[in-house]
1. Taking the conditions exactly as written (within 15 Å of the ligand (Cβ to nearest atom) and either without any contact (Cβ under 8 Å) to a residue 60 or more places away in the chain or closer than 20 Å to GLU102 by Cα (or both)), does THR262 satisfy them or not?
2. Working only within region 232-259, note down all residues that are more than 16 Å from the ligand (Cβ to nearest atom) and small (Gly, Ala, Ser).
3. Looking at region 214-227, can you tell me whether even one residue there is assigned by TED's automatic domain parsing to the domain that holds GLY268, at negative phi, surrounded by fewer than 21 Cβ atoms within 10 Å (Cβ to Cβ) and out of contact with any Cys (no Cβ under 7 Å at 6 or more places or on another chain)?
4. Give me a count of the residues in region 143-153 that are surrounded by 23 or more Cβ atoms within 10 Å (Cβ to Cβ) and more than 11 Å from the ligand (Cβ to nearest atom).
5. Is there a residue in region 154-169 that is within 12 Å of the ligand (Cβ to nearest atom) and hydroxyl-bearing (Ser, Thr, Tyr)?
6. Looking at (1) more than 17 Å from the chain's Cα centre (by Cα); (2) closer than 30 Å to GLY52 by Cα, find the lone condition where THR226 falls short.
7. Name the single residue, out of those in region 211-225 being farther than 23 Å from GLY410 by Cβ and outside any strand (DSSP E or B), that is farthest from the ligand (Cβ to nearest atom).
8. Restricting attention to region 288-312, and to residues there that are more than 11 Å from the ligand (Cβ to nearest atom) and of a type in the set (Gly, Ala, Ser), which single residue is farthest from GLY247 (Cα to Cα)?
Amino acid sequence: MKLEVQPSPDTQSGPPSHPFYLSSLRRPLVDRAEGIYFWTKDGRRFIDGSSGPMVANIGHSNRNVLDAMKRQMKKTTFAYRLHFENEPAEELARELAGKLPEGMDRIFFVSGGSEATESCIKLARQWAVATGQPKRWKVITRFPSYHGGTLGSLSITGDDALAETFTPMMRVMPTVPAPTAWRDRDNLSMEQRGIRYADMLEEKIQAEGPESVLAFIMEPIGGAATAALVAPDSYYPRIREICDRYGILLIHDEVMSGAGRTGKFLGGDHWNCRPDIVALSKGLGSGYAPLGALAAPMRLVEPLLASGGFQHGHTYAGNPLACAAGLAVLGEMDRLDLIANAAAMRDVLMAELKALQKRFPFIADVRGKGLLTGAEMVADPETLRPIDPASKATQRLLDHAYARGLIIYGRKVKGGVNGDNFMVAPPMIITREQIGEMISIIGDSLETLAQELDL
Ligand code: PLP
């Protein structure tokens, strides 16, 4: 394997600009976006093959959403929730509750995904205190996982690099392995493995002391940390059973998998899951406004309201402009039947990804639901030996695709068992032809990667 890392054609490093971000990596200035495309100031076109970080579910610059936002802007862009209720928030909450599992009808709006997951664990904790269970505070999470970047949401994120830096400032919560059943080399069936992974939660609860455990948080379909990982079907009901047995709340982080992306409104709907609390963001605002939400049943919310209210709330919570955007996004999702399109296009995209896997045997797995798909790359598909991290295979692949005008997503978690992976998650308006265009670029980029790294 050749290990020398060549700078990718599109990566310009240099001093950070006045606003600074993740690294010294500089990208072209964006000019405008429409549908599944971005255009940059220097006149180049990019296909948004990952909806940004799985955000732009209904596509960019949707006319009806922009018009709804303009109408709201002419009325008011801000009204503080302690002073006024506002119509867009009321209507969006009603619309949303209608799309969620029966009884999940108490909605609390926030401004993003980290705040959504953090407010879920705060709601759970406040419920426990209000119902006389103050010893319950541990939130078990999966490793690897990503639930956000604020210190509270980071405490339930399974990622060694983040934990190493911030541990002194927060409490790292107990973890169980993410259900990477496809990797296991044993004689068990996938369904047996699903049960085994779920039972690890029970073992963890026992080890931690069941009376101290408050909740378990998971993404029903994995996102950034596990590249669209789907557990065997047996996993989901078993997790519910275990949570019920110990009186533990089940929190579903649907920040990435929710809002229709997987071909159902929630990722958990594929298994008729009955989570106690759900976090949403990303696709809910679809990039038109910073928006997130938590949803819970009245039985969890009532005890808090009876004892002083939810001790959480930020200035922009339930912002009328953001909620007007969210309401219009849901309206467009229904009008254009985008959830059905996501389910239909999944078959096309999966078939194409499977064909790429045949062509490039270093792709060990392709997976996902709807338009949340991922592929995992290894040095040896037999033993699953990972590609040498020094070769930065994921970043190279993303850069090669970017240089060809396609944005795909990939992230490597320190300490994670998953290898190099990439995710393809275009806006739900994508057509068969556009999928073909994306796949052709991914194929060329994989070809370049294979040659460079001798894969
Ligand atoms: N939860 C999940 C599953 C996510 O994928 C993310 C972001 O990628 C977050 C939470 C945090 O969301 P945000 O970046 O909007 O704070």
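1. Against the criterion (within 15 Å of the ligand (Cβ to nearest atom) and either without any contact (Cβ under 8 Å) to a residue 60 or more places away in the chain or closer than 20 Å to GLU102 by Cα (or both)), THR262 qualifies.
2. Matches in region 232-259: SER234, GLY247.
3. No.
4. 1
5. Yes: region 154-169 contains one or more residues that are within 12 Å of the ligand (Cβ to nearest atom) and hydroxyl-bearing (Ser, Thr, Tyr).
6. Of the numbered conditions (1) more than 17 Å from the chain's Cα centre (by Cα); (2) closer than 30 Å to GLY52 by Cα, the odd one out for THR226 is (1).
7. If we take residues in region 211-225 being farther than 23 Å from GLY410 by Cβ and outside any strand (DSSP E or B), then GLU211 is farthest from the ligand (Cβ to nearest atom).
8. ALA289
The values are calculated or read from the model by the stated rules, or taken from the named source; none is laboratory data. Every value quoted in this text rests on a predicted model; they were computed, and no experiment measured them. Glycine also receives a Cβ, built like all others from the backbone with ideal geometry; neighbour counts cover every protein chain displayed.
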